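Asks: Below is the structure I would like to discuss, written out as structure tokens.
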Amino acid sequence: PPAVLTVPGEAGGALLGALQPWSRYRLQVQVFNGRGAGPPSAEIRFHTPEGGEKRDKKGKEGHQNPKAGLQKVKSR
């Protein structure tokens, strides 16, 4: 089932967490108030880049990318 993230109306954006590296996602925005829900936005498709453990040229593990699995969504 699709995940739902509720964001307060005064927010200028949201940060999506728990996204997997090298994955494709689809996103729709839908506003709602006391009178009900509006129509969903057009579908936004995006993919996450490689993330997780980084290795140097010799194959040694480095620091984990702290932004792996996060995708910032801005309102327009």
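Asks: For R26 and A42 in one chain, what is 0.36 nm times their gap in residues minus the Cα-Cα distance, to one decimal in nm?
Replies: 4.8 nm
Asks: I would also like to ask the following. Mind checking the stretch 1-42 for trypsin sites (Lys or Arg not before Pro) that DSSP puts in a loop (not H, G, I, E or B) and that have at most 10 other Cβ atoms within 10 Å?
Replies: Passing both the DSSP loop test and the Cβ count: R35.
Asks: Please list the non-local residues whose amide H lies under 5 Å from the amide H of V29, H modeled 1.01 Å from N, same-chain partners needing a gap of 5 or more.
Replies: Here the answer is S41, since their amide H atoms fall under 5 Å of that of V29.
We did not get these values from a lab; they are worked out from the coordinates using the rules stated. Predicted model only: the values in this text are computed from it and were never measured. Here the Cβ is made from the backbone with ideal geometry for all residues, glycine too, and neighbour counts use every protein chain on show.
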